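Only one structure is covered here, and it is reproduced in the block below.
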Amino acid sequence: MMQTEAIAQRLIDELQRHPRVVVAFSGGVDSAVVAAAAQRALGDKALAVMAISPSVPARQSELAAQVAAEIGIDLQTISTHETERPDYQRNDGQRCFYCKQTLYQTLATIADEHRDSVICSGTNADDLGDHRPGIQAGRDAAVQTPLADLGITKTMVRQLAKHWELSVWDLPAGPCLASRIAYGEPVTVDKLQRIDRAENWLRDEGFAELRVRLHPGQLARIEVPAARIAELVQPEFRQRMSRHFRSLGFQFITVDIEGLRSGNLNQLVSIGN
């Protein structure tokens, strides 16, 4: 507990260096911890801003509002238009760069309205080792990364969230819907909405951790934790799931026997390029 308190204080002290902070906020655990620290450090000089776009799951805005209320930080929502950018729609290995570039350009207009504000993201130390082009977009935009700068890992983030009694302390990672679309398969609003509806159906059926990944040929690849794969292929459930997914426009429905693996589509990217 003492170590967690010390880390929490270091994070608060880090944010107190800034006159004002605009937090890129999703309601997930990383941005929630940054927002909680910013609110403790700066009070009403901290603002959480959430982007609304077709790439954000419909349920995410409700979660973000709930978490912001827990923290006591003001929350503002903005519309971003990354899905209208051809570079983003192309969905190559740099899609995340164009998404975050759009986000930070939009956030900059809000930061400019609040004099001396800096933008902070929830990038943590573990993120630096993955294929994350969005991190470069943040660097280009001078976005601050207090968690990563202090060496705070995902495990430590969850400890801080639990220490501050945030309800999302154990929330599974929830990347944007476009991350479910295989690289090279163009991103469209229709595909994003289809994935969101498919995942919501599975959540309503009791699967909290999952991904529905879309591959060429309108193929849905479903990932759930390995221990729950058998539930997906029970005859009655499998038939209901197949009917629903086909009604959404998927032509082929598969279950990944390796189970849920965050970021596994990055295997298709040549990270060295």
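Could you sort T188, T83, T155 by their accessible area in this structure, using a 1.4 Å probe and putting the largest first?
T155, T188, T83
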**Dmax and Rg, reported as Rg then Dmax, of segment 1-155 (C-alpha, Å)** = 15.0, 49
**Item:** From the C-alpha gyration tensor of the chain, square roots of 5λ in Å
**Value:** 33, 21, 17
**Asked** Rounded to the nearest 500, what is the chain's calculated 222 nm mean residue ellipticity when only DSSP H runs of at least 4 contribute -39500 (n - 2.57) each, over all residues?
**Response** -13500 deg cm²/dmol
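What percentage of the solvent-accessible surface of segment 177-268, computed with a 1.4 Å probe over protein heavy atoms, is contributed by carbon and sulfur atoms?
Details: 2260 of 4380 Å².
Reported share for carbon and sulfur atoms: 52 percent.
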**Prompt:** So what's the angle, to the nearest 10 degrees on a 0 to 90 scale, between helix 2-15 and the longest Cα principal axis of the chain?
**Reply:** 70 degrees
**Message:** Among A24, G134, G249, whose Cα projects farthest towards the positive end of the dipole of the chain, with charges put on the beta-carbon of Lys, Arg (+1) and Asp, Glu (-1)?
**Reply:** G249
**Item:** Rg/Rg_ref, segment 157-273, where Rg_ref = 2.2 N^0.38 Å and atoms are Cα
**Value:** 1.15
**Solvent-accessible heavy-atom area per residue, rounded to whole Å², over the chain at 1.4 Å** = 47 Å²
**Request:** Using θ = phi - 60° and the Karplus relation 6.51 cos²θ - 1.76 cosθ + 1.60, list the HN-Hα couplings for segment 53-63 in order, rounded to whole Hz, with x at every Gly or Pro.
**Result:** 7, x, 7, 9, x, 4, 6, 5, 5, 5, 4
**Message:** Give me a comma-separated list of calculated 3J(HN,Hα) values for segment 39-50, in order, Karplus coefficients 6.51, -1.76, 1.60 applied at θ = phi - 60°, integers in Hz, x for any Gly or Pro.
**Reply:** 5, 5, 7, 10, x, 6, 8, 10, 9, 9, 10, 10
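The values are calculated or read from the model by the stated rules, or taken from the named source; none is laboratory data. Computed from a predicted model, the values in this text were never measured in an experiment. Note that we place each Cβ from the backbone using ideal geometry, even for glycine, and neighbour counts take in every protein chain shown. Just the protein is used for accessible areas: all its heavy atoms, side chains included, with ligands, DNA and RNA removed. Shrake-Rupley method; radii C 1.70, N 1.55, O 1.52, S 1.80 Å.
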